[in-house]
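Chemist: Below: one structure in structure tokens.
The values are calculated or read from the model by the stated rules, or taken from the named source; none is laboratory data. This is a predicted model, so every value here is computed, not measured. Methodologically, a virtual Cβ is constructed for each residue, glycine included, from the backbone with ideal geometry; neighbour enumeration extends over all protein chains shown. Note: areas computed on protein heavy atoms with side chains; ligands, DNA, RNA excluded. Shrake-Rupley method; radii C 1.70, N 1.55, O 1.52, S 1.80 Å.
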Amino acid sequence: MPGDTVTSRVTVKDMRRGNRSALLRPLLLDGPLNRITLGQLTGLSGASVTNVITELLEERLVVEAGTQESEGGRPRVQLGMNPDFGVVIGVDIGETGVRIEAFDLTRRMLGGAVVPVDPLRPAVNDVVADIAATVNQIVGDVAPATPVIGVGVGVPGIVTGAADQASVNAPNIGWADVPLSRLLSGALAKPVFVDNCAKTLGLAEMWFGAGRGARDAIVVLLGTGVGSAIFSRGHLFRGVSSSAGEWGHTCIAMNGRRCRCGGSGCVEAYIGGYAIVEQWAARSDVRPGTAGEEAVIEELIDARGRQPGADKILEEVAQAAGVALASLVNLFNPERIVIGGWLGLRLGPLLLHRINEVLSEQALAYPAARVSIQLGELGRDAVALGASTLVLDDLVARGGKPRPSDGALPRPRL
Ligand SMILES: [Zn+2]
């Protein structure tokens, strides 16, 4: 029957794409690898691995990357992603600046820049124009002859819709229903993928950082605001409208401090960068808004042991973080929690011991004994790197066939 023919054709094509995806994922995450290891990792037959790899080598998406001695046999050829195949861009839209970085397919950072934004109400069109100009400038500087495969963007706030058609709601920066993927892909003529910044940080740490090897894990972002990315069995948990993981707005104090979200007693109102700055300002000469948040946090850290107020604030932060993390442990039973974000990475080494003490007092003993709390390994670039993984994820899902470079959305047929 003709119908059967069509079905089987689609199935063969899908299978081929599936095999290509299956091989590309470990090559991106763990390459270089040899054909035998790729077969073991993917469960594909030796013949399938050979066929697909031959195809990927011909397309120059994959290249040979030296040889590896094998016990008693011939040296095995190592295969890796071709760094010259294309550039992926990661963009981290923070509350005070936009970090833009270009990577090759082996995750090597080729170049980057930070563009300041109006910390109160960054105008969407200005941010889009700045990002587009900076991306073009970076690519022109570092890889003018290499095609840009796509642009991934991490933003604060709730991101709904598919990553390539995302809409952003970020009351903290005054953005409501902003169709950021469409605006940016229009400005850049490149495929653009957008997700929440805690989620892109989470992806980066899970793929390449402190979350590697864990399947049930939570990556928390401590910065000006607070968020998290929850992974269950290796998959990012999103909820019905993609706002799952808004841990910063769970309540840890009835009738507690006012939060930027309009609620009170939120985690963010105790351990968010802006909240800590407010606390320190109330007890020192610093006036909020007169110095950058990071500079004020450095002052606070410097004042430890000299000004009792500083020690008190840091103890409160450790307690609040321990209590709030204990809730995550009780609710999700993770094997690992990774603390990232500029503030998490700065305060983590100072407070982790105390945070762990509070956590083990507060969480149920059984899950608390089975979780390890670790600091992120990817530094401050993690949100941008994670945003670039949105592009890689799409490339892998498409079996390594980049989208057309005229934008993420199909053009309407006239
Ligand atoms: Zn809140």
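Chemist: Just to be sure I understand: with springs between alpha-carbon atoms less than 10 Å apart, which residue in P32, P308, P144 has the highest mean-square fluctuation in the Gaussian network model of the chain?
Modeler: Maximum among the listed residues: P308.
Chemist: I've got another one for you. Can you give me the % of accessible surface on segment 57-102 that is carbon or sulfur? Probe 1.4 Å, all protein chains present, nothing else counted.
Modeler: Working: 910 of 2230 Å².
Here it works out to 41 percent.
Chemist: Straight-line reach from K199: which lysines fall under 28 Å, measuring Cα to Cα and dropping same-chain residues less than 8 apart?
Modeler: The reachable lysines, counting only those whose Cα sits under 28 Å from K199, are K190, K401.
Chemist: Based on DSSP H runs of at least 4 residues, each adding -39500 (n - 2.57), what is the mean residue ellipticity at 222 nm of the chain after dividing by all its residues, to the nearest 500 deg cm²/dmol? Let's see the in-between values first.
Modeler: Numbers: 13 runs with 181 residues, N = 414.
It lands at -14000 deg cm²/dmol.
Chemist: Can I ask one more? Run through the DSSP bridge list for the chain and note the antiparallel percent, rounded to the nearest 5. Could the numbers behind the result be given before it?
Modeler: Details: 35 of 55 bridges.
Percent antiparallel among DSSP bridges in the chain is about 65.
Chemist: Counting alpha carbon pairs within less than 8 Å and at least 6 residues apart, what relative contact order, in whole percent, applies to the chain?
Modeler: Working: 810 pairs, mean separation 71.8, N = 414.
With pairs under 8 Å counted, the relative contact order is 17 percent.
Chemist: Taking the alpha-carbon distance from K312 and a cut-off under 15 Å, which aspartates and glutamates remain once sequence neighbours fewer than 8 residues away in the same chain are dropped?
Modeler: Once the sequence-local aspartates and glutamates are set aside, what remains near K312 is E278, E299, D302.
Chemist: Give, as a single signed number, the net charge of other residues whose beta carbon lies under 13 Å from the beta carbon of E268, with Lys and Arg counted +1 and Asp and Glu -1.
Modeler: Details: positive: R257, R258, R260; negative: E95, E246, E278.
That works out to 0.
Chemist: Next question. For segment 1-145, state what percent of all Cα-Cα pairs lands in each successive 5 Å bin, counting from 0 Å until the bin that includes the largest distance.
Modeler: The distribution over segment 1-145 is 2, 8, 14, 14, 11, 11, 10, 10, 9, 6, 3, 1, 0, given as percents.
Chemist: Let me ask something additional. For segment 147-199, what's the radius of gyration and Dmax over Cα atoms, in angstrom?
Modeler: Answer for segment 147-199, Rg first and Dmax second: 10.6, 35 Å.
Chemist: Name the helices (complete DSSP H segments) of the chain with a Cα length along the long axis of 15 Å or more and a Kyte-Doolittle mean of at least 1.0, or state none.
Modeler: Numbers: long enough: 2-30 (43 Å, -0.44); 46-58 (18 Å, 0.71); 124-142 (27 Å, 0.92); 197-208 (16 Å, 0.75); 273-283 (16 Å, 0.00); 308-332 (36 Å, 0.85); 342-362 (26 Å, 0.24); 382-397 (22 Å, 1.63).
Result, helices passing both filters: 382-397.
Chemist: Still on this structure: How many nm separate the modelled label positions at D84 and R354, each set 7 Å beyond the Cα in the direction of the Cβ?
Modeler: In this crude label model, D84 to R354 measures out at 5.4 nm.
Chemist: Under a Cβ-only charge scheme (Lys and Arg +1, Asp and Glu -1), can you give me the dipole magnitude of segment 243-366 about the Cα centre, in debye to the nearest 20? If you can, show how the numbers build up before the last one.
Modeler: Details: 11 positive and 15 negative charges, 37 e Å.
Charge dipole of segment 243-366: 180 debye, to the nearest 20.
Chemist: Ranked by accessible surface with a 1.4 Å probe, highest first, in what order do C261, C266 come? Let's see the in-between values first.
Modeler: Details: C261 75, C266 5 Å².
Sorted descending by solvent-accessible area, the residues read C261, C266.
Chemist: If you don't mind, another one. If you project the alpha carbons of segment 89-137 onto the principal axes, what extent comes out on each, in Å, largest first?
Modeler: Principal-axis extents of segment 89-137 (Cα, largest first): 36, 18, 12 Å.
Chemist: Per residue, how much accessible area does segment 314-383 show when a 1.4 Å probe rolls over the protein heavy atoms, in square angstrom? Walk me through the numbers on the way to the answer.
Modeler: On the way: 3120 Å² over 70 residues.
Here the residues of segment 314-383 average 45 Å² of exposed surface.
Chemist: While we're here: For the chain, what are the per-bin percents of Cα-Cα distances with bins 10 Å wide, up to the bin holding the maximum?
Modeler: Pair shares across the bins are 5, 21, 28, 24, 15, 6, 2, 0, 0.
Chemist: Also, quick follow-up: Can you put H235, H249 in order of accessible area, largest first, using a 1.4 Å probe? Intermediate results must be reported in sequence, preceding the final value.
Modeler: Numbers: H235 130, H249 65 Å².
The most accessible residue leads, giving H235, H249.
Chemist: On to the next question. Given the options N125, N34, N255, state which has the largest fluctuation in a GNM of the chain using a 10 Å cut-off (strictly under) for Cα springs.
Modeler: In the Gaussian network model the winner is N255.
Chemist: In addition: So what are the three principal axis dimensions of segment 301-414 from its Cα atoms, in whole Å, longest to shortest?
Modeler: Its Cα atoms span 68, 37, 25 Å along the three principal axes.
Chemist: Further, regarding this structure: I want the local charge near G202. Using Cβ-Cβ distances under 15 Å, sum +1 for each Lys or Arg and -1 for each Asp or Glu among the other residues.
Modeler: Numbers: positive: K199, R212, R215, R233, R238, R336; negative: D92, D195, E205, D216, E246, E335, E377, D381, D393.
So the environment of G202 carries a net charge of -3.
Chemist: Can you give the Rg to Rh ratio of segment 60-159, both from alpha-carbon atoms, with Rh computed by the Kirkwood formula? Don't skip to the end; give the middle numbers.
Modeler: Values: Rg = 18.3 Å, Rh = 15.5 Å.
When Rh is taken as the Kirkwood radius, the ratio is 1.18.
Chemist: Using the Cα centre of the chain as origin and beta-carbon charges of +1 (Lys, Arg) and -1 (Asp, Glu), tell me which of A163, G111, V98 is placed farthest towards the positive end of the dipole.
Modeler: Farthest towards the positive pole: A163.
Chemist: Can you give the FRET efficiency for K13 and I158, using 1/(1 + (r/R0)^6), R0 = 30 Å, r = Cβ-Cβ distance, to the nearest 0.05?
Modeler: On the way: r = 36 Å, r/R0 = 1.19.
It comes to 0.25.
Chemist: For segment 97-209, what proportion of DSSP beta bridges, expressed in % and rounded to the nearest 5, is antiparallel? Please report the intermediate quantities before stating the final value.
Modeler: Numbers: 12 of 17 bridges.
Once the DSSP bridges in segment 97-209 are tallied, antiparallel ones form about 70 percent.
Chemist: With +1 on each Lys and Arg Cβ and -1 on each Asp and Glu Cβ, and nothing else charged, work out how big the dipole of the chain is about its Cα centre, in Debye to the nearest 20. Write down the numbers at each step before the final one.
Modeler: Details: 39 positive and 43 negative charges, 214 e Å.
So the dipole magnitude of the chain works out to roughly 1020 debye.
Chemist: Under the rule a/c < 1.5 gives rounded, and otherwise a/b versus b/c splits prolate from oblate, where does segment 212-256 land using the Cα gyration tensor?
Modeler: prolate
Chemist: Which of T224, T106, T67 moves the most in a Gaussian network model of the chain with Cα springs under 10 Å?
Modeler: Residue with maximal mean-square fluctuation among T224, T106, T67: T67.
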